[in-house]
Amino acid sequence: QVQLVESGGGLVQAGGSLRLSCAASGSFRSINAMGWYRQAPGKQRELVATITSGGTTNYADSVKGRFTISRDNAKNTVSLQMNSLKPEDTAVYYCNAGGVSRSGYPFNYAYWGQGTQVTVSS
């Protein structure tokens with residue numbers, strides 16, 4: 001099992017910044033990728049950004065140039081620096097991890113953090 005704990009959410013004004021962090025713990029052989037997803041009320045959960053253990057990143061078009069994802073492989077943590085925030089960024093942000101279990105089975109999209117609320121006022 002993998003436990004993911006997010007932190008850093010809050011209320012900010014449009015144009016402001018927030019930094020989200022997520023720490024992974026539990027029983028696993030390796031974590032190959034980590035990422036952030038978000039879900040607004042009444043909306044489908046969507047990808048925000050992902051990063052592999054090798055540093056390859058992927059961003060949703062709506063956040064390119066504004067958000068930056070990074071990770072510390074040794075600590076199994078991932079962060080999301082969010083700049084130039086817009087009201088449409090308001091959502092619950094969730095951490096996700098993919099990798100290989102201690103028994104050798106791959107996992108992806110099976111474990112999620114509890115979510116952290118990001119609210120951007122106009």
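The values are calculated or read from the model by the stated rules, or taken from the named source; none is laboratory data. Small disclaimer: the values here were computed from a predicted structure and weren't measured. Please note: Cβ atoms are built from the backbone with ideal geometry, for glycine as well, and neighbour counts cover all protein chains shown. Calculation scope for accessible area: heavy atoms of the full protein, side chains included, ligands and nucleic acids excluded. Shrake-Rupley method; radii C 1.70, N 1.55, O 1.52, S 1.80 Å.
What the table below lists for this structure:
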| item | result |
| --- | --- |
| Contact order normalised by residue count of the chain, Cα under 8 Å, 6+ apart, percent | 36 |
| Computed accessible area, residue 72, all protein chains, 1.4 angstrom probe, square angstrom | 60 |
| Rounded accessible area per residue of the chain, 1.4 Å, Å² | 52 |
| Inter-probe distance in nm under a simple model that places probes 7 Å from Cα toward Cβ, at residue 110 and residue 61 | 3.3 |
| Cα pair distances in the chain, grouped into 5 Å bins until the bin that holds the longest one, percent each | 2, 12, 23, 24, 19, 10, 6, 2, 1, 0 |
| Percentage, to the nearest whole number, of Cα pairs in region 20-82 over 19 Å apart | 32 |
| Among 87, 106, 41, residue whose mean-square fluctuation peaks in a GNM of the chain (springs only between Cα atoms under 10 Å) | 41 |
| Unit charges on C-beta of K, R, D, E only; dipole of the chain, Debye | 160 |
| Net +/- balance of residues flanking residue 82 in space, Cβ distance below 11 Å, scoring K and R +1, D and E -1 | +3 |
| Rounded percent of accessible protein surface that carbon and sulfur make up, the chain, 1.4 Å probe | 47 |
